[in-house]
Amino acid sequence: MIILGINDGRYHNTAASVIIDGRVVSSIEEERLSRIKMDKAYPHRAIAEALRIAGIKPDDVDIVALSNLNRDEQKPAINRLFRHIAEAGRDEPLIRRFYWKQQFQRFTRLLKKRPAPPGILADRPAHTVEHHLAHAASAYYCSPFGNDRIGVITLDGSGDFSWGSVWIGENGRLKEIEHLHALNSIGLLYSAVTVYLGFKATRHEGKVLGLAAFGNPEPFLSRLLAHVRTDDWNHLLDARLARVTLRQFTDMGQDVIRELCHDLCREDIAAGIQALTERLICDWIRQQAIRLQVNRLALAGGVFANVKLNQRILELPKIDNIYVHPNMGDGGLATGAALEVHARLQGRLEPSLLEQVYLGTRIDETGALQALENAGVTFEKPDDMATTVAELLADGKVVARADGGMESGPRALGNRTVMAACNDTEINQWLNQKFQRTEFMPFAPVILEEYAAEYFPAWTPEHVTARFMTITYDASGTARQHIPAAVHVDGTARPQVLRRQDNPGYYDIIRAYHARTGVPSVINTSFNMHEEPIVRTADEAIRAFQAAGLDALILGPFLIRA
């Protein structure tokens, strides 16, 4: 059975995925083709590319799976949320007026008729999957825990009028436990603070996370907690903070944030919202684990892009392991929707670990050669690419790599990556300047699995999520000594733990670098210019290489030197 999953533009990061007999064979976001960061346009190009990568035609598709519910399906959720807004507004006239005059119009616009898939796909049977169920399915059915009973939790800004959900995953099926009202969204609150600090919502929350390590969470944390009911997650945020979640990016919401932190520096503001997020969510997840009687969790939704939060969750008592879906944000909804529809139609779908995420457009020798000839650049084809590149890295050179299938999700994991030695902390500033980025967190390291525990003592081989760079660990003394450029001011790092079977060519470079230097790790940052999506094609890789002024580029089996 072939299922085409589509996230078709209700929110952001529209995407398409192809699932064949319950196995993910391709997945790509529209932004990678349109070159518009976090594109929310209908994914016409992504659909065509996902089908091409999978080696199928539109008439091969049996079923279309759509993330997010249609208008009629959403009515009960809308009514629940409206009642919740009205209840929160009893003591807050501004919210009540907003509820009646503006929010209804906003939701009506969101519920406009969704576009049909193009061509013959419009005639295929279509199934809709609620937003948070699609998130949950992406985490559960791609998790490493098999048919064992686990907890599945989703948290984001909002989707289908909820900001989170709780499920039990067992024997190949998901059972709903609870949905959380969007009015109480910590994700939207975090985004509102992101905007107040001068960044872009849904895009730069990672900058706030990095900035938080430089600040003191007090008194902002206490000020926020004064408006939180930790014993009632159905009414978690009081009317004042509910104004923020309703209109987080307008004067109505920003005025509240301004009142709470007008006398604080940006570092302390970032530290306060990060501390609130960690405290509230970790306490709540601990309660959910007890409630569900589980010690392993599968997680998805944009909130779990917060790698420091994920570390805190893994450190909770009686939580043995967590799995964060590699494309945890809305770009993963297409995959989740398709997997859920497969399980729905077959009665179940046994979870099977997503071993690798190189599910996008491939760069092969033929395509690389054509791009090089078109660009008119000089290149070579080394007999031993790994040793050649390791020597460049050891000499302090910065090398980009664009080879094989593009990664699905926000993390570059070797195939659209920029590498550099981690021994000089100045490399972070140099790379930021080259790629026109503003970052407060050091670039992440890739490390050979054989040495991961030496550098990150809390890591174990069962921590599959570390293969996808979705969690931080406390760095050891060895790490601080040998890869200081990858260790944050708070003593943590976000590693990609690499096995050879996951990416042989990438692994061999790091292994050769280890043989040359004694250090089994280099910096791995995404290959893209600031505010641009990660490069997809060989042509884009050459242009980004030239624009950034890097020292070398691996393009398929070829090497370009500056």
Task: Looking only at the range 262-299, and only at residues there that are surrounded by 21 or more Cβ atoms within 10 Å (Cβ to Cβ) and either at pLDDT below 95 or of a type in the set (Val, Ile, Thr) (or both), the one that is nearest to HIS235 (Cα to Cα) - done: ILE281
Open item on the list: The conditions are (1) surrounded by 21 or more Cβ atoms within 10 Å (Cβ to Cβ); (2) over 22 Å from ARG494 (Cβ atoms), and GLY367 fails exactly one of them. Which is it?
Closed with: (1)
TODO: Kindly list the number of the only condition in (1) hydroxyl-bearing (Ser, Thr, Tyr); (2) modelled with pLDDT of 95 or more; (3) within 27 Å of the chain's Cα centre (by Cα); (4) surrounded by fewer than 18 Cβ atoms within 10 Å (Cβ to Cβ) that fails for THR250.
DONE: (2)
Task: Residue list for the range 450-489, filter: charged (D, E, K, R) and crowded, with 20+ Cβ neighbours inside 10 Å - done: ARG467
Open item on the list: Within the range 282-291, does at least one residue satisfy the condition of being in contact (Cβ under 8 Å) with a residue 60 or more places away in the chain, within 24 Å of the chain's Cα centre (by Cα) and farther than 20 Å from SER165 by Cβ?
Closed with: no
TODO: Keeping to the range 144-158, report how many residues are part of a strand (DSSP E or B), at pLDDT 95 or above and touching a Leu at 6+ places or on another chain (Cβ under 7 Å).
DONE: 4
Open item on the list: Show the residue pairs meeting these rules: Cβ distance below 7 Å; 6+ apart or different chains; first residue within the range 211-238 and of a type outside the set (D, E, K, R); second residue assigned to a strand (DSSP E or B) and modelled with pLDDT of 95 or more.
Closed with: LEU236/VAL228; LEU237/VAL228
Open item on the list: Condition check: at pLDDT 95 or above, closer than 23 Å to LYS200 by Cβ and of a type in the set (Gly, Ala, Ser). Does GLY164 satisfy that?
Closed with: yes
Open item on the list: For the range 253-275: of the residues being within 13 Å of TYR196 (Cα to Cα) and among the small types (Gly, Ala, Ser), which is farthest from the chain's Cα centre (by Cα)?
Closed with: GLY253
Task: Residues that are more than 13 Å from ARG32 (Cβ to Cβ) and crowded, with 23+ Cβ neighbours inside 10 Å, drawn from the range 526-541 - done: ALA538
Open item on the list: For the list (1) crowded, with 24+ Cβ neighbours inside 10 Å; (2) in contact with a Gly (Cβ under 6 Å, 6 or more places away or on another chain), I need the number of the one condition that GLY336 fails.
Closed with: (2)
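So that you can scan it fast, the table gives a plain yes or no per residue for (1) in contact (Cβ under 8 Å) with a residue 60 or more places away in the chain; (2) surrounded by 19 or more Cβ atoms within 10 Å (Cβ to Cβ); (3) polar (S, T, N, Q):
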residue	(1), (2), (3)
GLY491	no, no, no
PRO495	no, yes, no
PRO504	no, no, no
ILE510	yes, yes, no
HIS514	yes, no, no
THR517	yes, no, yes
- [ ] Scan ARG511, ARG500 and give me the residue that is more than 21 Å from ILE322 (Cα to Cα), in a loop (DSSP other than H, G, I, E, B), out of contact with any Gly (no Cβ under 9 Å at 6 or more places or on another chain) and not aliphatic (A, V, I, L, M).
- [x] ARG500
Open item on the list: If the requirement is being in contact (Cβ under 8 Å) with a residue 24 or more places away in the chain, out of contact with any helix residue (DSSP H, G or I) (no Cβ under 9 Å at 6 or more places or on another chain) and over 30 Å from ALA270 (Cβ atoms), which of these qualifies: LEU354, LEU369, LEU349, LEU392?
Closed with: LEU392
- [ ] Would you point out the residue of the range 159-182, among those that are of a type outside the set (A, V, I, L, M, F, W, C) and in a loop (DSSP other than H, G, I, E, B), that is nearest to ASN70 (Cα to Cα)?
- [x] ASP160
Task: Residue match in the range 307-322 (condition: touching a residue at least 40 places away in the same chain (Cβ under 8 Å), closer than 18 Å to PHE199 by Cβ, in a helix (DSSP H, G or I) and charged (D, E, K, R)) - done: yes
TODO: Find the residue count for the range 455-470, including only residues that are assigned to a helix (DSSP H, G or I) and under 21 Å from HIS488 (Cα atoms).
DONE: 5
Task: Extreme residue, surrounded by the most Cβ atoms within 10 Å (Cβ to Cβ), among residues of the range 339-360 that are more than 19 Å from the chain's Cα centre (by Cα) and within 24 Å of PRO410 (Cα to Cα) - done: GLU340
Open item on the list: Can you say whether ASP123 is surrounded by fewer than 18 Cβ atoms within 10 Å (Cβ to Cβ), over 28 Å from VAL244 (Cα atoms) and over 17 Å from the mean Cα position of the chain (by Cα), as far as the supplied structure shows?
Closed with: yes
Open item on the list: Suppose we filter the range 473-489 for residues that are in a loop (DSSP other than H, G, I, E, B) and closer than 20 Å to ARG411 by Cβ; how many remain?
Closed with: 4
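The values are calculated or read from the model by the stated rules, or taken from the named source; none is laboratory data. This structure is a prediction, so every number in the text was calculated from the model and none was measured. So basically every Cβ, Gly included, is an ideal-geometry build from the backbone, and we count neighbours across all protein chains shown.
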